[in-house]
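A short worksheet on the structure shown next.
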């Protein structure tokens, strides 16, 4: 399962108030990503981020969970909304992680090493949705 474990102080309420409203396109890959909405659990310990990822004719509604942990957070796919773990979905996870790193977090571990630098680029240069 693709994921990014982040360390540092991540305030989920602040991320919810100003979510990663990423919107970017990669024409050569026929990949398009657009932020939809964010929801914060009443406990304040889990943030749900919803995106649409289009790769060619494949359109996926992707739900990411940012789960607060001791000393950081875990960014992962929501198992309640299964999607294909396509390159666009992995790039989305890396872009959101890059956005969080720009806000002060750092990557502790991930299984998306091949996508992290490209994701950070798109996080910094994406249009607001």
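Table for the structure above
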{"read-out": "Calculated FRET value between residue 42 and residue 103, using beta carbons and R₀ = 22 Å, to 0.05", "value": "0.45"}
{"read-out": "For 42, 31, 110, 54, order by how many other beta-carbon atoms lie within 10 Å, fewest first", "value": "42, 54, 110, 31"}
{"read-out": "Residue 26 paired with residue 85, simple spin-label distance in nm, labels 7 Å along Cα-to-beta-carbon", "value": "1.7 nm"}
{"read-out": "Relative contact order computed over the chain (Cα-Cα under 8 Å; 6+ residues apart), in percent", "value": "32 percent"}
{"read-out": "Between helix 87-102 and the chain: long-axis angle, C-alpha atoms, 0 to 90°, nearest 10", "value": "40 degrees"}
{"read-out": "Residue order, fewest to most beta carbons within 10 Å, for 16, 99", "value": "16, 99"}
{"read-out": "Alpha-carbon centroid distance for the pair region 20-34 / region 92-129, whole angstrom", "value": "13 Å"}
{"read-out": "Inter-label distance for residue 17 and residue 61, nm, one decimal - labels placed 7 Å from Cα along Cα-to-Cβ", "value": "2.9 nm"}
{"read-out": "Cα-based helix-to-principal-axis angle, 113-125 vs the chain, degrees rounded to 10", "value": "90 degrees"}
{"read-out": "Least to most buried among 24, 39, 51 (fewest other Cβ within 10 Å first)", "value": "39, 24, 51"}
{"read-out": "Cα-based Kirkwood hydrodynamic radius, region 3-122, one decimal, Å", "value": "14.2 Å"}
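Every read-out reported here was derived from the displayed coordinates using simple, explicitly stated rules and does not represent laboratory data. Since the structure is predicted, the reported quantities are computational estimates derived from the model, not experimental observations. As a convention, Cβ positions derive from the backbone with ideal geometry for all residues, glycine included, and neighbour counts pool all protein chains shown.
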